[in-house]
Structure formats: C-alpha cells, structure tokens
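Nothing in this text is a laboratory measurement; each read-out follows from the coordinates by a stated rule. The model shown is predicted, which means the values in this text are computed figures rather than measured ones. So basically every Cβ, Gly included, is an ideal-geometry build from the backbone, and we count neighbours across all protein chains shown.
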Number of protein chains: 2
Amino acid sequence: MTYCVGLKIDRGLVFMSDTRTNAGIDSISTFRKMHVWEKPGERVVVLMSAGNLATTQAVVSLLDERMKAVKDRTPTVLATPSMFQTARLVGDTVKEVIADSTPAGERADSYFNASFIVGGQIRGSAPRLFLIYPEGNFIESTDDTPFFQVGETKYGKPIIVRAYDRTMSFAETVKLLMVSFDSTLKSNLSVGLPLDLLFYENDTFRVALNKRIGHDDPYYRTVSDGWSNALKLAFKSLPDFPE
Amino acid sequence: MTYCVGLKIDRGLVFMSDTRTNAGIDSISTFRKMHVWEKPGERVVVLMSAGNLATTQAVVSLLDERMKAVKDRTPTVLATPSMFQTARLVGDTVKEVIADSTPAGERADSYFNASFIVGGQIRGSAPRLFLIYPEGNFIESTDDTPFFQVGETKYGKPIIVRAYDRTMSFAETVKLLMVSFDSTLKSNLSVGLPLDLLFYENDTFRVALNKRIGHDDPYYRTVSDGWSNALKLAFKSLPDFPE
C-alpha cells in the first residue's frame, strides 16, 4: 500500500508521500512515489501515485518519454497549455497503461489499478490540484475539499479533517501532514519511511522545497514523539465518563 | 458498515458498537449490533457483529432459538461450559448460516460475510474476549492485543493504540472509546449514532452498565466538542516545521 496527500492552502500546494511498496508482506521495497516536472519560471507539475507499481512506473515513464519523442502528437507534461490538460494527459496515460496490461477482450482488471494526485501551476493560470482515478477520469480540489489522499487514507484522515485551515503557513501544514503520516505509519505496516515532502508557493513557478525525511530526521522525531505525548495530554484533559 | 470495539482492562470488559446499517447510501437503518445473554450470578455473554445484516441477525436468532429448543443437542449460549466453548458455538453458527446462504456447490461468497466480537465471563473461569472470523474460526485477546475492532476500524485505531492502558478505569475507557467512535463518525457516513455501551466488571457475573448514547447525550457532546478543541491545542503545542 501507500499513503500520499496533496493539500491546497492559500499560500500554495503541499505534497507528501511515503516510499514503501509491497507485494505481499515478505516483499517490501522502497520506491519514490513523488515525481516532479519543473520548467523554472514557467511551470511546476507534481505527480504522486498509489496502486500497482508496474502501472504507476509505466505511467511516469510514458510521461517522461514523450518529452524526448519530439514528433509525438500528445503534448508532454512540460508543454500542456493548462493544469486541466495536464490532468487529462495523465488520465489518458493511465487508461492506456491499464488497457495494455489487461488481457485482450476483457474488462480492465482492478489488479492493475492505480490512482494519482496531480498538482501544480502553469504561468497564466492559478495553481490547481487533481485526483485521477484508475479509470482515467478525475476531480479537482475545491474550497470545500482542499485536499486529496490516495492509498491507505483512513488512519490519517481524522486529524486533517479537524486541523486543516486554508490560512495555514507551510510550516504548520508540514506539521499537519507529519502527524497524519505518523498516525498511519504507527497503524499500518504497508506505509513506511522515508517520506518525500514538497512544497510549492503560488506564482513562483519553482519548487520551494523538496526534501526526503528519514528515520533520523530530527523534526520527524520531534513530531512523532511529541504527538504521542500531546495526544495523551489532550485525552487526559477531557472529563471521564460519569459512572 | 459498522464500528464495534471490545476492550479488556484489568477491571473488566468494555464494549461499544454503533447502530447504523446500510445497503447502499440511500438505504440506511438503525439496528442494534450488541446482544447480551445474562444469567445473573453465573454468566454474562456479550456479542457484537459487523457485516451482512441477514447473516448477523440469523446468527443471533439461531443462538436465541437454541435456548428454547430443549432437545437441541448443541449447548446454548447460556449453557456452554466455558467462554471458549461459547466462542466455538458462535463460530459454528456463523459457518452454518453462511453455508445456508450460499448457492449449492459454490464456495462461501464473501457477500454473506460477518465478523463478531464475543466476550464475557462464566463462573469458575476468567473473563475472556474473542474475535470470530467469517470462516467461523477465532482468536482470543491477549495482553499484547487487548482489544478487537470490527467494521470500519481504521479511523478510530490510532487513538486506541496510543492511549490504551490496561490499568484504566471504566470511566477512562469509555472516554477512549467515545473519542475513537467520534473520530470514526466524523470521517465515515456508514457509522452512525446512537451508540451502545456496555461494561462488565470482573467476577460480578452481571452487566454493570448497558446504555444507549444518542445525539443529545451530554457526555457524548462534551467529548465530541472537547476532543476537537483538545486536538487542535495538542496540534498547536507541537513545533512548526523549521523552513
């Protein structure tokens, strides 16, 4: 499994993903699930993936290869005219890869499924954030639903639902994501360190920070230990059930 | 879906279940998922169920009917010699009901699946807590794994993992379950109020409290509102990410 979150705040976009992939409990590897295409000053596109690793890798490779094949009729991630067209390009590529993996004449098998979060900004329009389904169609984040999760989403959702606020700073947003990831890591073996963190500030058209966070990361350690204690104190602060 | 938790503490057993059942998003009903068989002074058996409602109701009805059919060779929930035999009786009944529901000659279809938590105490032995799988086999709680969840388990797990302590009082345990259920209720429409709460104190052989908790319950309201605030304060107490 996997856990990835893309979150929109007033100041920009924040992305976090884990790096664990597993095919059964005895076949565990580390793979980067966050991919960035950047043309500084013009566009930043971030893609995070969950699901069948063969599918997600094929999608990323196809998106990459198109940039090299000059004659390809499909526009590349670095040439799409808008983020909407970028999401469509990713969606079409997902459909193509899943159709290729599926035995001829049968319906797409859920075994090859993958979901994606795509976000970024292209000069001339606002930053946008999309969730792309295995079927290739997609939805966009709104003020009502300012974040998307893919993968093992349930453990880390309650804290995001409660603590998210669009006026948050990057530093607070990273804290929120760290807590959400830490809750997931503590509950599910299929999500693992290190984490990839990226943030993009509106209208800068370059990545502000792209950092890998491992076991030894002092801020991760502070949040992980601190959150356990803070949670216990919060729990203590509530009145007990009146028997 | 459903959310039920059975939890063992030094002082006894605590059970909580929601009451929402749904067959699709437009067919929502309220059903009790907690069932109690009590012979005061001799035994208390509590059963909570998640899964196909036809299956879980049939299991409970069969367990009930056996008490009336005097000649039935299977011992009833009120006559099993031990909690282990009680768990086995429930497991066998689950297998029977699922086999009955399944088209002849086919393997049991997961569509009829149901899971159960069974706990209680019979005079002469210690209180015990079991998780019964749809296949009819089961596991028992231990000091390492002192609680079982069935249904929509993920949202409410992180707080239990962190705040559970076997020396807790009943009042603290109910607070913990309330927080766990509130996190689930806020994240998933298929889990709904009212909740059923029961606690059993070791070696009393009678139910100490069996209470339904609705929207208006003042303690539920206190925990639900208080937890949001306490969580926000806990979150604020952690240092922000050093940019």
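Descriptive notes on the structure:
- Here the Gaussian network model covers chain A, with springs between Cα atoms less than 10 Å apart; of A:P134, A:P194, A:P158, A:P158 fluctuates the most.
- Within-15-Å neighbourhood charge of A:K175 [Cβ basis; K, R +1; D, E -1]: -1
- Other residues within the sphere of radius under 12 Å centred on the Cβ of B:Q121, judged by their own Cβ, net out at +2 (K and R +1, D and E -1).
- Ranking A:M34, A:T204, A:T80 by how far each Cα lies toward the positive end of the dipole of the stretch A:3-237 (charges on Cβ) leaves A:T204 at the top.
- A full extension of the chain between B:E243 and B:D92 corresponds to an added length of 48.5 nm, given 0.36 nm per residue minus the alpha carbon distance.
- The protein assembly as shown: calculated mean residue ellipticity at 222 nm from DSSP helix runs of at least 4, using -39500 (n - 2.57): -11000 deg cm²/dmol
- Other copies of B:S169: label-to-label distances in nm, shortest first, labels 7 Å along the beta-carbon direction: 4.1
- Cβ-derived FRET efficiency at R0 22 Å, B:D64 paired with B:F84, nearest 0.05: 0.60
- Net charge contributed by nearby residues that have their C-beta within less than 12 Å of A:A50 (K/R +1, D/E -1): 0
- Each other copy places its own label point for A:S237 at 0.7 nm from this one, sorted shortest first, where the point lies 7 Å along the Cα-to-beta carbon line.
- When A:S115, B:S237 are sorted by how many other C-beta atoms sit within 10 angstrom of their C-beta, beginning with the fewest, the order is B:S237, A:S115.
- Nearest 10 degrees, 0 to 90: helix A:170-187 Cα axis against chain A principal axis: 80 degrees
- Inter-copy separations for A:Q57, label at 7 Å along Cα-Cβ, nm, ascending: 5.0
- Evaluated at q = 0.07, 0.09, 0.10, 0.12 Å⁻¹, the base-10 log of the normalised Debye intensity for the protein assembly as shown, with identical point scatterers placed on the Cα atoms, takes the values -0.44, -0.71, -0.84, -1.10.
- Over 30 Å (Cα to Cα) - which of A:K211/B:K236; B:K68/B:K186; A:K33/A:K236; B:K33/B:K232; A:K236/B:K8; A:K232/B:K39 fall in this group: B:K68/B:K186; A:K33/A:K236; B:K33/B:K232; A:K232/B:K39
- GNM remark for chain A: springs join alpha carbons under 10 Å apart, and the peak mean-square fluctuation among A:Y219, A:Y155, A:Y200 falls on A:Y219.
- Charged-residue dipole, Cβ positions (Lys, Arg, Asp, Glu), the protein assembly as shown about Cα centre, Debye nearest 20: 300 debye
- Positive-pole candidate from A:T19, A:P218, A:L193, dipole of the stretch A:3-237, charges at beta carbon: A:P218
- Inter-site label distance for B:T142 and B:R166 at 7 Å from Cα along Cβ, in nm: 1.2 nm
- Most mobile listed residue (B:T21, B:T56, B:T145) in chain B, GNM with C-alpha springs under 10 Å: B:T145
- Label sites at A:T222 and A:A54, each approximated as a point 7 angstrom past Cα along Cα to Cβ, lie 4.5 nm apart.
- Across the stretch A:3-237, C-alpha contacts under 8 Å between residues 6 or more apart give a mean separation that, scaled by the residue count, equals a relative contact order of 27 percent.
- Three-way shape call for the stretch B:3-237 based on the alpha-carbon gyration tensor, with the a/c threshold at 1.5: oblate
- Charge-dipole axis of chain B as Lys and Arg at +1 and Asp and Glu at -1 on Cβ define it, positive-most pick from B:S125, B:F241, B:Q57: B:S125
- In this rough spin-label picture, where each label sits 7 Å from Cα along the Cβ direction, the B:K39-A:S101 distance is 5.6 nm.
- Along chain B, longest interval not containing exposed trypsin sites (Lys or Arg not before Pro), exposed being DSSP loop plus at most 16 other Cβ atoms within 10 Å: B:124-165
- Net dipole in debye of the stretch B:3-237 [+1 Lys, Arg Cβ; -1 Asp, Glu Cβ; about Cα centre; nearest 20]: 340 debye
- Shielding of B:160-166 by partner chains, average beta-carbon count, 10 Å: 3
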